[in-house]
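Colleague: The structure's right below; bear with me while I get my questions together.
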Amino acid sequence: MESKMLPVMQGDYQLQDYDQTAKEFQWSEAEKEFSWHKTGLINIAYEAVDRHADSYRKNKVALYYKDANRKEAYTFNEMKRMSNKAANVLRNHSTLEKGDRLFVFMPRSPELYFSILGALKMGTIVGPLFEAFMEGAVYDRLSDSEAKAIVTTPELVGRIPVEKLPHLKTIFLVGENIEEDTLHVDFMKHFKEASPYFQVEWMERESPTLLHYTSGSTGKPKGVLHVQEAMVQQLQTTKWVMDLKDEDIFWCTADPGWVTGTAYGIFGPMLAGATSLILGGRFSTDSWYEAIQDYGVTVWYSAPTAFRMLMGAGAGPLEKYDLSSLRHILSVGEPLNPEVIRWGMEVFKLRIHDTWWMTETGAQTICNFGSLPIKPGSMGKPVPGIEAAIVDDRGQVLPPNRMGNLAIKKGWPAMMRAIWNNPEKYDSYFMNNEWYVSGDSAYMDEDGYFFFQGRVDDVIMTSGERVGPFEVESKLLEHPAIVEAGVIGKPDPVRGEIIKAFVALHEGYEPSEELSDDIKQFVKKELAAHAAPREIEFKDKLPKTRSGKIMRRVLKAWELNLPEGDLSTMED
Ligand code: 6R9
């Protein structure tokens, strides 16, 4: 594994002394900023929007929105009025009560964000869905949670199997010329007429807010339930990890269908009173670079898959845009390959900071901080207030440099509080009622840096050696021909498993026997003989989730002719 460190870059980071802070910090200190610290009246949407609308930030832009057809800006005061209007529409045209489930199922648009915030102002539990979900995926989530209402568009409404969802009483349609009946409500018509005043519902610290469904490798997706208290960690990490300050323009590229798109696409920056950009539509190299240039984005949060696509697009597009506004870049969702970090240093003259967390952790937990050196290949150190360790299968903490289960000491603020309708599943995450066991395999070095190895299920046992797929994939990416790689263990009578790599090639390269041999030799020479793939298969692209994760279990299913399992989160 890479050991050369990337030194700290110049910057007046909000977390200056990591070691001292990690030793002393208590989460209760982070609560002082919230108005509920004094009033006892809790609501995350109030804290994210109204608190700033009633302060010196009133006329500061909270949200820039851009897609192919719209270009808009909303101040905190306007966000307050818009989310109040949305809350009035949702309340006046449904039977939704506190604690009921409302889903949002639509492409990114300002109305999506107003609806999420408005619903939270009512104390409704919000379940965000990716617009690309098909009928089966929509059905699983709405029926499991007994959703009472959904906000969607005329284009997507056909994918909601109403007749099979007896709890679903109201469908809000965001579009034009909507025909209303006992089930369907014209959202925009009522939105235009709605009052911009709304009395926010006051909740408890432990009141549920968001229900994010995530799919495991087997079985149906599970509903991960978050609560109001998550805001404490969302705000604190936005300061320490994102380093967001009042003058920053922040862009989180994630859709709210993924936890990153709510925790840091909405709450982190808004709780911090920062200005964010939301870009609608699909990824394209030019529109992304153009957005950074035109909005003067200073802090940028994206995912390795996007960085790899930008990397694959080469230097041409880079020359067309001025990206000098950027001062801090972060990544989440998948291991950040050292090759990608090197590319970032070259083209942005900035380090890309990895952040590790999960839907279940609710907010960032292990990260590379601005004020710490980066070890390429490491996801960093625990956020102060978080205790992380590598434990064995009995929950015993392992010494440095031993691969094991990445675990977090139970009880951090943003921790999920339930798996909807499935207490056994929830309990199964915790070992000895002490450790939350993530399902990821990792090790910690003697300096306290954590290194991701793969999902526990993905770790390969070959000739008695444990090999993490990430290390092999990262090495593969250093080969000039390879733009994307996914590695699995393939059962083998002699070696237990052999390493098989699926690779996609850069433009200009063609699959061949020679190239395959060259790649094998490359990994053998640069990493280790036992870690070199014995089989290589060329693919146009790899199967990925909508949040950009390479689906190794799908590669494995293809290889072994097994059922692919739940594919609802796979991109087209
Ligand atoms: C936020 C989010 C969680 C899983 C997680 C791990 C992988 C996320 C990562 C990472 C390596 C990182 N993952 N961040 N792996 N390095 N920085 O992604 O949540 O969609 O629930 O996925 O993603 O395997 O367990 P979620």
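Colleague: Considering only residues that are open to solvent by 10 Å² or more (accessible area, probe 1.4 Å) and β-branched (Val, Ile, Thr), which ones fall in the stretch 240-258?
Modeller: Ile249, Thr253
Colleague: I'd like to know if the stretch 542-559 contains one or more residues that are more than 16 Å from the ligand (Cβ to nearest atom), open to solvent by 10 Å² or more (accessible area, probe 1.4 Å), of a type in the set (D, E, K, R) and assigned to a loop (DSSP other than H, G, I, E, B). Walk me through how you get there before you give the answer.
Modeller: At the first step, the residues of the stretch 542-559 found to be more than 16 Å from the ligand (Cβ to nearest atom) are 557-559.
Of the ones still in play, those that are also open to solvent by 10 Å² or more (accessible area, probe 1.4 Å) are 558-559.
Imposing the further condition that a residue be of a type in the set (D, E, K, R) reduces the set to 559.
Going one step further and asking which of them are assigned to a loop (DSSP other than H, G, I, E, B), we end up with none.
No: zero hits.
Colleague: If you don't mind, another one. Looking only at the stretch 460-468, decide whether some residue is in contact (Cβ under 8 Å) with a residue 12 or more places away in the chain, within 28 Å of Leu505 (Cα to Cα) and in a loop (DSSP other than H, G, I, E, B).
Modeller: Yes, because at least one residue in the stretch 460-468 is in contact (Cβ under 8 Å) with a residue 12 or more places away in the chain, within 28 Å of Leu505 (Cα to Cα) and in a loop (DSSP other than H, G, I, E, B).
Colleague: Residue check: is Glu537 open to solvent by 40 Å² or more (accessible area, probe 1.4 Å), among the acidic types (Asp, Glu) and under 23 Å from the mean Cα position of the chain (by Cα)? I'd like the intermediate steps shown before the answer.
Modeller: Values: open to solvent by 40 Å² or more (accessible area, probe 1.4 Å): yes; among the acidic types (Asp, Glu): yes; under 23 Å from the mean Cα position of the chain (by Cα): no.
Spelling it out, it is not the case that Glu537 is open to solvent by 40 Å² or more (accessible area, probe 1.4 Å), among the acidic types (Asp, Glu) and under 23 Å from the mean Cα position of the chain (by Cα).
Colleague: Looking at the stretch 418-429, is at least one residue away from the ligand (no atom under 11 Å from the Cβ), of a type outside the set (Phe, Trp, Tyr) and assigned to a loop (DSSP other than H, G, I, E, B)? Spell out the reasoning first.
Modeller: Our first condition is that a residue be away from the ligand (no atom under 11 Å from the Cβ); within the stretch 418-429, this holds for 418-429.
With of a type outside the set (Phe, Trp, Tyr) added as a condition, the list becomes 418-419, 421-425, 427-428.
Among the residues that remain, those that are also assigned to a loop (DSSP other than H, G, I, E, B) are: 421-422.
Checked against the condition, which is being away from the ligand (no atom under 11 Å from the Cβ), of a type outside the set (Phe, Trp, Tyr) and assigned to a loop (DSSP other than H, G, I, E, B), the stretch 418-429 yields at least one hit.
Colleague: For Thr262, work out the one condition from (1) of a type outside the set (Gly, Ala, Ser); (2) within 20 Å of Arg51 (Cβ to Cβ); (3) away from the ligand (no atom under 13 Å from the Cβ) it doesn't fulfil.
Modeller: It fails just one condition, (3).
Colleague: May I pose another question? Got a sec? Which helices (runs of 4 or more DSSP H) wholly within the stretch 21-100 have at least 3 residues that are surrounded by 16 or more Cβ atoms within 10 Å (Cβ to Cβ) and within 25 Å of the chain's Cα centre (by Cα)? Reasoning before the result, please.
Modeller: Working: elements: 27-30, 36-39, 76-92.
Here the list reads 76-92.
Colleague: If you don't mind, there's one more thing I want to ask. So which of Ala485, Ala501, Ala532 ends up being farther than 20 Å from Trp558 by Cβ, open to solvent by less than 20 Å² (accessible area, probe 1.4 Å) and in contact with a strand residue (DSSP E or B) (Cβ under 8 Å, 6 or more places away or on another chain)?
Modeller: Values: Ala485 fails: farther than 20 Å from Trp558 by Cβ; Ala501 fails: farther than 20 Å from Trp558 by Cβ.
Step by step, each of Ala485, Ala501, Ala532 is checked, and only Ala532 is farther than 20 Å from Trp558 by Cβ, open to solvent by less than 20 Å² (accessible area, probe 1.4 Å) and in contact with a strand residue (DSSP E or B) (Cβ under 8 Å, 6 or more places away or on another chain).
Colleague: Can you list the strands (runs of 3 or more DSSP E) lying wholly within the stretch 279-394 that have 3 or more residues being surrounded by 17 or more Cβ atoms within 10 Å (Cβ to Cβ) and within 15 Å of the ligand (Cβ to nearest atom)?
Modeller: On the way: elements: 299-302, 328-332, 352-356, 388-391.
Result: 328-332, 352-356.
Colleague: Determine which single condition Ser441 fails, assuming it passes every other condition in (1) of a type outside the set (Asp, Glu); (2) closer than 30 Å to Gly411 by Cα; (3) assigned to a helix (DSSP H, G or I).
Modeller: Condition not satisfied by Ser441: (3).
Colleague: Mind checking which pairs have a first residue in the stretch 341-360 that is of a type in the set (Lys, Arg) and a second that is open to solvent by 10 Å² or more (accessible area, probe 1.4 Å) and in a strand (DSSP E or B), Cβ under 6 Å, 6 or more apart or different chains?
Modeller: Arg351/Leu6
Colleague: Lys220: open to solvent by 20 Å² or more (accessible area, probe 1.4 Å), farther than 18 Å from Phe114 by Cα and within 16 Å of the ligand (Cβ to nearest atom), yes or no? Walk me through how you get there before you give the answer.
Modeller: Values: open to solvent by 20 Å² or more (accessible area, probe 1.4 Å): yes; farther than 18 Å from Phe114 by Cα: yes; within 16 Å of the ligand (Cβ to nearest atom): yes.
So Lys220 fits the description; yes.
Colleague: If you don't mind, there's one more thing I want to ask. Checking the structure you have, find out if any residue of the stretch 206-214 is within 16 Å of the ligand (Cβ to nearest atom), in contact (Cβ under 8 Å) with a residue 24 or more places away in the chain and hydroxyl-bearing (Ser, Thr, Tyr).
Modeller: Within the stretch 206-214, the first condition is being within 16 Å of the ligand (Cβ to nearest atom), and the residues that meet it are 210-214.
Add one more test, that the residue is in contact (Cβ under 8 Å) with a residue 24 or more places away in the chain, and what stays is 210-214.
Filter once more, so that each one left must be hydroxyl-bearing (Ser, Thr, Tyr): 213-214.
Yes, the stretch 206-214 has at least one match.
Colleague: I need the full set of residues from the stretch 551-568 which are at pLDDT 90 or above and aliphatic (A, V, I, L, M), in order please.
Modeller: Once the filter is applied, which keeps residues that are at pLDDT 90 or above and aliphatic (A, V, I, L, M), the stretch 551-568 yields Met551, Val554, Leu555, Ala557, Leu560.
Colleague: Filtering the stretch 438-472 down to residues that are away from the ligand (no atom under 11 Å from the Cβ) and at pLDDT 95 or above, which residue is nearest to Ala557 (Cα to Cα)?
Modeller: That would be Tyr443.
The values are calculated or read from the model by the stated rules, or taken from the named source; none is laboratory data. This structure is a prediction, so every number in the text was calculated from the model and none was measured. All Cβ positions, even for glycine, are placed from backbone atoms using ideal geometry, and neighbour counts span all protein chains on display. The protein model used for the area step is the full one, side chains on, heavy atoms only, and it has no ligands, DNA or RNA in it. Shrake-Rupley method; radii C 1.70, N 1.55, O 1.52, S 1.80 Å.
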